[in-house]
1. Taking only pairs six or more apart or across chains, which ones have beta-carbon atoms under 6 Å, a first residue in the range 128-148 that is closer than 14 Å to T79 by Cβ and in contact (Cβ under 8 Å) with a residue 12 or more places away in the chain, and a second residue that is in a strand (DSSP E or B) and open to solvent by 30 Å² or more (accessible area, probe 1.4 Å)?
2. Could you say which residue among S47, S16, S109 is among the polar types (S, T, N, Q), within 27 Å of G159 (Cα to Cα), touching a helix residue (DSSP H, G or I) at 6+ places or on another chain (Cβ under 9 Å) and surrounded by fewer than 16 Cβ atoms within 10 Å (Cβ to Cβ)?
3. Given the conditions (1) within 12 Å of G214 (Cβ to Cβ); (2) more than 16 Å from the chain's Cα centre (by Cα), and given that E196 satisfies all but one, which numbered condition is not satisfied?
4. Let me confirm something: among A53, A74, A57, A11, which residue is over 19 Å from the mean Cα position of the chain (by Cα), touching a residue at least 40 places away in the same chain (Cβ under 8 Å) and more than 20 Å from P142 (Cβ to Cβ)?
5. Is it true that I222 is closer than 30 Å to T79 by Cα, open to solvent by less than 30 Å² (accessible area, probe 1.4 Å) and touching a strand residue (DSSP E or B) at 6+ places or on another chain (Cβ under 7 Å)?
6. Failed condition for A36, given (1) surrounded by 15 or more Cβ atoms within 10 Å (Cβ to Cβ); (2) of a type outside the set (D, E); (3) without any contact (Cβ under 8 Å) to a residue 40 or more places away in the chain; (4) within 30 Å of S6 (Cβ to Cβ), with all others met?
Amino acid sequence: MDRVLSVLDEAKIKGSFFVQGRVAETFPNLVQSLVAEGHEVQSHGYSHRPLYAMSPAELKEELTRAKQTVEDAAGTPVTAFRAQDFSILEANLWALETLAEVGFELDSSIFPMRSRHYGVANWRLEPHYVVLDGSFRILEVPVAIWSAGRMRMPVAGGGYFRLLPRHVIERGLRSIAAGGRPAVVYCHPYEFNSDELADYPGIPWQLRLSQGIGRGQFTNRIRTLLTKFSFGRLTDVLTAWGLT
């Protein structure tokens, strides 16, 4: 987290941190410091379990605890949610209703194309309201997907920022903005630590490869992107685009 905050401070940018409930319980001072420094704090669930693995009752309990624990630590309202590993799929879109029911106003959990592990095929790329059972609505804000004709390419951050050539990422982000959409991107704190995997000698080589590739240049790549594009807190960006 110190590395992440240092990079943001250098660029004079405030970010949005989606915090897991267990992390908020364990490190409340960290959450409070994020708020004190002007960053936005939102919810990344409580237990980091995939949403599709939960029943409606389990999910309601999970989301209620997720919201409450982060609000308790931050001392600010929590209105936005990002699921672990984009785990709202076509089969559990009903989770959006549960999110709205427990008080979330914004969700950014649906990956708007189908990939090997997640995503909903042909989902709308732009932020839009989803009306649920006539009683609830929630603003769904997909992460950055570059659309060129029938092709869709993720340029949303995380592993995509580590693996894709930088010029491809930059071209995709510019295309998204030119198309009238905000480019919502994300990073994990551990990606800023190129030596993290050395602390886990027993992990499978496949995981070591997929999680380690591109780590060495990740922080500098983020620094460069922050100088070439205008970034900000999620809710501020959506307000600037007239979406909230």
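1. That search, which allows pairs on different chains as well, returns R137/Y129; R137/V131; L139/Y129.
2. Being among the polar types (S, T, N, Q), within 27 Å of G159 (Cα to Cα), touching a helix residue (DSSP H, G or I) at 6+ places or on another chain (Cβ under 9 Å) and surrounded by fewer than 16 Cβ atoms within 10 Å (Cβ to Cβ) holds for just one of S47, S16, S109, which is S47.
3. (1)
4. The conditions single out A11.
5. Taking the combined requirement at face value, the residue does not satisfy it.
6. Unmet for A36, out of (1) surrounded by 15 or more Cβ atoms within 10 Å (Cβ to Cβ); (2) of a type outside the set (D, E); (3) without any contact (Cβ under 8 Å) to a residue 40 or more places away in the chain; (4) within 30 Å of S6 (Cβ to Cβ): (1).
The values are calculated or read from the model by the stated rules, or taken from the named source; none is laboratory data. Keep in mind it's a predicted model, so treat the numbers as computed, not measured. Cβ: placed from backbone, ideal geometry, glycine included. Neighbour counts: every protein chain shown. The area values use the complete protein model at the heavy-atom level, side chains included, leaving out ligands, DNA and RNA. Shrake-Rupley method; radii C 1.70, N 1.55, O 1.52, S 1.80 Å.
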